[in-house]
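As structure tokens, the structure follows; a few thoughts come after it.
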Amino acid sequence: MNDYLRELMAARRAAPKDDILTELVRACDRRELTGQEVFSMVFLLLIGGHETTVNLLGTATLALLHHPDQLAWLRAHPEAMPMAVDEFLRYESPVSMATLRFTKEPVTVDGVEIPADELVLVSLGAANRDPDRFPEPDRLILERNDPGHLAFGQGPHRCLGAFLGKLESEVALCGLLDRFPHIEPAADEKTLPWRNTIMLRGLESLPVSVHG
Ligand code: HEM
């Protein structure tokens, strides 16, 4: 990955394009950003901007296959896709664990004191299934109409690409349902390969049969 990204940056330096990578490389050459900062940003944009949306497309499709009534409802109400995408984000949050936080001073959360200098892991996936916040949290309810989930994080580091990620997912899922009137699972549920990481929630692959 390191080699790939460095080659990509060198290629833009040699042959600039009208894209964000070229702008970042130029900022580096103007010494507005260090090479390490540009490298980290490109890495973040690639992983944070690609892997997350890809994971959501897989888990949303799987959720629809598990809930044929919801799939039928969505086919009948394609205009509800933006609302449905919020429910997919809540139901299977692609970033299940936020990036690491550290306490600078003691913090009390719900009566529990976390001392200073502790590492804190925030489970966005668990928050999005909190029964005190979302009634029947383990059910996929596309009409839930509650965009107050934490799938994009919260605070100063809330996802910079939230609108883009949602839009991409809406376009892709609408395209899938439009193009294929019949979609069925083509593999045993128990054999589905989930990504082996605690931070991201997604499938390695989702075999389906499509007709029509
Ligand atoms: C469905 C798709 C997406 C999901 C679920 C998602 C989720 C998240 C989450 C949870 C965070 C905060 C992490 C934390 O606080 O530790 C985050 C940050 C970020 N995301 Fe996304 N993301 C998505 C799509 C995108 C896209 C399309 C882009 C850009 C092309 C993007 C760029 C970023 C960036 C740059 C940050 C860091 C913001 C900061 O630290 O200030 N994301 N994302």
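Checking the structure you have, find out if any residue of the range 194-203 is assigned to a strand (DSSP E or B) and either modelled with pLDDT under 95 or among the small types (Gly, Ala, Ser) (or both). First the steps, then the outcome.
First pass over the range 194-203, keeping only residues assigned to a strand (DSSP E or B): 194, 200, 203.
From what is left, the residues that are either modelled with pLDDT under 95 or among the small types (Gly, Ala, Ser) (or both) are 200.
Within the range 194-203, one or more residues are assigned to a strand (DSSP E or B) and either modelled with pLDDT under 95 or among the small types (Gly, Ala, Ser) (or both).
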Here is a list: Pro78, Pro106. Which entry is open to solvent by 20 Å² or more (accessible area, probe 1.4 Å) and touching a Cys at 6+ places or on another chain (Cβ under 7 Å)?
Pro78
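When you scan the range 33-143 for helices (runs of 4 or more DSSP H) that lie fully inside it, which ones turn up with 2 or more residues that are within 30 Å of Met9 (Cα to Cα) and within 16 Å of the ligand (Cβ to nearest atom)? Even if it seems obvious, please write down each step before you answer.
On the way: elements: 35-46, 52-66, 68-76, 81-91, 124-127.
In the range 33-143, the matching helices (runs of 4 or more DSSP H) lie at 35-46, 52-66.
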Checked pairs for the range 179-195, first closer than 22 Å to Leu74 by Cα, second open to solvent by less than 60 Å² (accessible area, probe 1.4 Å) and in a loop (DSSP other than H, G, I, E, B), C-beta under 9 Å and 6 or more apart or across chains, list as Pro185/Leu192; Pro185/Leu206; Pro185/Pro207; Ala186/Leu206; Ala186/Pro207
Scanning for something more than 30 Å from Asp178 (Cα to Cα) and out of contact with any Asp or Glu (no Cβ under 8 Å at 6 or more places or on another chain), does the range 64-80 turn up at least one residue?
no
Cβ-Cβ distance below 7 Å, separation of 6 or more or different chains: which pairs start in the range 48-60 with a residue that is touching a residue at least 12 places away in the same chain (Cβ under 8 Å) and end on one that is open to solvent by 30 Å² or more (accessible area, probe 1.4 Å) and in a helix (DSSP H, G or I)?
Thr53/Glu168; Leu57/Ala172
Within the range 180-210, work out how many residues are over 21 Å from Arg90 (Cβ atoms), open to solvent by 80 Å² or more (accessible area, probe 1.4 Å) and touching a strand residue (DSSP E or B) at 6+ places or on another chain (Cβ under 8 Å).
4
The range 29-46: number of residues that are among the hydrophobic types (A, V, I, L, M, F, W, C) and open to solvent by 70 Å² or more (accessible area, probe 1.4 Å)
4
Would you be able to say whether some residue in the range 58-65 is open to solvent by 40 Å² or more (accessible area, probe 1.4 Å) and either out of contact with any helix residue (DSSP H, G or I) (no Cβ under 7 Å at 6 or more places or on another chain) or under 24 Å from Leu164 (Cα atoms) (or both)?
no
Let me spell it out: the conditions are (1) at pLDDT 95 or above; (2) out of contact with any Ser or Thr (no Cβ under 6 Å at 6 or more places or on another chain), and Val210 meets all of them except one. Which number is the exception?
(1)
When every residue in the range 151-178 that is more than 11 Å from the chain's Cα centre (by Cα) and in a loop (DSSP other than H, G, I, E, B) is compared, the one surrounded by the fewest Cβ atoms within 10 Å (Cβ to Cβ) is Arg158
Pro156 passes all but one of the listed conditions (1) at pLDDT 95 or above; (2) within 16 Å of the ligand (Cβ to nearest atom); the exception is number (1)
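The values are calculated or read from the model by the stated rules, or taken from the named source; none is laboratory data. Please read all numbers here as calculations on a predicted model, not as lab measurements. Virtual Cβ from ideal backbone geometry, glycine too; neighbours counted across all protein chains shown. Protein only, heavy atoms only, side chains kept; ligands, DNA and RNA dropped before computing areas. Shrake-Rupley method; radii C 1.70, N 1.55, O 1.52, S 1.80 Å.
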